[in-house]
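Nothing in this text is a laboratory measurement; each read-out follows from the coordinates by a stated rule. Keep in mind that this is a model prediction, so the values were computed, not measured. In this analysis, Cβ positions are derived from the backbone assuming ideal geometry, glycine residues included, and neighbour counts consider all displayed protein chains.
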Amino acid sequence: MAAFDPEKEIPRHIAIIMDGNGRWAKDRGKPRREGHRVGAASVEAALETCGEIGVEYLTLYAFSAENWKRPETEITALMGLMTHFLKEKTPKLMANNIRLQVIGQIDRLPESNRAALEKTIAKTVNNDGLTLVVALSYGSREEIVEATRKLMEKAIDGEVDPGKLDNELFAQHLDTASIPDPDLLIRTSGEFRISNFLLWQISYAEIVITNTFWPDFRRQHLLDAIGEYQSRQRRFGGI
Ligand code: FPP
């Protein structure tokens, strides 16, 4: 794997499918929530590293629309962990000039989570360093269907001419409207799947799969993934 070079292009937007928390815990004879707890420290490490090297957007797949199928105890632990993270780390987000955004069906989240999220989003809205985008109750197909619904309603109301629909107008109706497409998609834990994550947005992203479980994924693993990205030639369909 090619080494990270701070002089070479830094991906503007990195998206991560954080996977392997459960297996990390199982390997240690611990409950799954312990994997998520240690995974939150990996989130912090990723934020620090991205801020330091000048990444502009970091999108983390924290809870998928399908994750509602998990046992209630695990869902409660994850939601509690995220609320705790927000409450405890908002001063650090402020100190590091990090702005928080969320994508996904936020109205499905418990009230306490939504309140914590809204508070941190409002507090960090004017920060102009790294943008942390957390995908919560997020599903890419759901997002695409919702964008289509909005466009159809606008067409019925005469606000949008169907003949003028193009990629750009469509993308403006996604949750990620204000966010550039990811340059680099990382998935941890050695799984070769996209799992309903940013299907539209990763059209030209470079994909790096690492065997490391998310709770072990720290600064050097992220720099290694960026080094791999820097060694690729992106052609965007050209030659
Ligand atoms: C996938 O591992 C991980 C998740 C579904 C949750 C990720 C959440 C965190 C790391 C908590 C902190 C997040 C923030 C944004 C503060 P898995 O449970 O699917 O693992 P497995 O595939 O080994 O079972």
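Residues considered: D5, D19. Of these, the only one that is within 22 Å of N196 (Cβ to Cβ), outside any helix (DSSP H, G or I) and either among the aliphatic types (A, V, I, L, M) or in contact with a Gly (Cβ under 9 Å, 6 or more places away or on another chain) (or both) is D19.
The residues of segment 187-220 that are crowded, with 20+ Cβ neighbours inside 10 Å, more than 19 Å from E56 (Cβ to Cβ) and more than 13 Å from the ligand (Cβ to nearest atom) amount to a single one, T210. Filtered by the rule that a residue be among the aliphatic types (A, V, I, L, M) and touching a Phe, Trp or Tyr at 6+ places or on another chain (Cβ under 8 Å), segment 199-239 gives V208, I209, L223, I226. Looking at segment 95-117 only, could you name the residues that are part of a helix (DSSP H, G or I) and either touching a strand residue (DSSP E or B) at 6+ places or on another chain (Cβ under 7 Å) or loosely packed, with under 14 Cβ neighbours inside 10 Å (or both)? Listed by number, the residues that qualify are A95, I106, D107, R108, E111, S112, A115, L117. Considering only segment 26-49, I want to know if a residue exists there that is in a helix (DSSP H, G or I), farther than 18 Å from H84 by Cα and more than 10 Å from the ligand (Cβ to nearest atom). For segment 26-49, residues in a helix (DSSP H, G or I), farther than 18 Å from H84 by Cα and more than 10 Å from the ligand (Cβ to nearest atom): present. Taking first residues from segment 39-63 that are under 18 Å from P6 (Cβ atoms) and of a type in the set (G, A, S) and partners that are outside any helix (DSSP H, G or I) and away from the ligand (no atom under 11 Å from the Cβ), the Cβ contacts under 8 Å between residues at least 6 apart in sequence or on separate chains come to A45/R218; G51/N96; G51/N97; G51/I98; G51/G129; G51/L130; G54/I10. Every condition in (1) under 15 Å from the mean Cα position of the chain (by Cα); (2) closer than 24 Å to A65 by Cα holds for T210 except the one numbered (1).
Being near the ligand (Cβ under 9 Å from one of its atoms), within 27 Å of L130 (Cα to Cα) and either among the hydroxyl-bearing types (S, T, Y) or in a strand (DSSP E or B) (or both) is not true of F85. Among the residues of segment 221-234, those identified as out of contact with any strand residue (DSSP E or B) (no Cβ under 7 Å at 6 or more places or on another chain) and either exposed (fewer than 14 other Cβ atoms within 10 Å of the Cβ) or among the hydroxyl-bearing types (S, T, Y) (or both) are S231, Q233.
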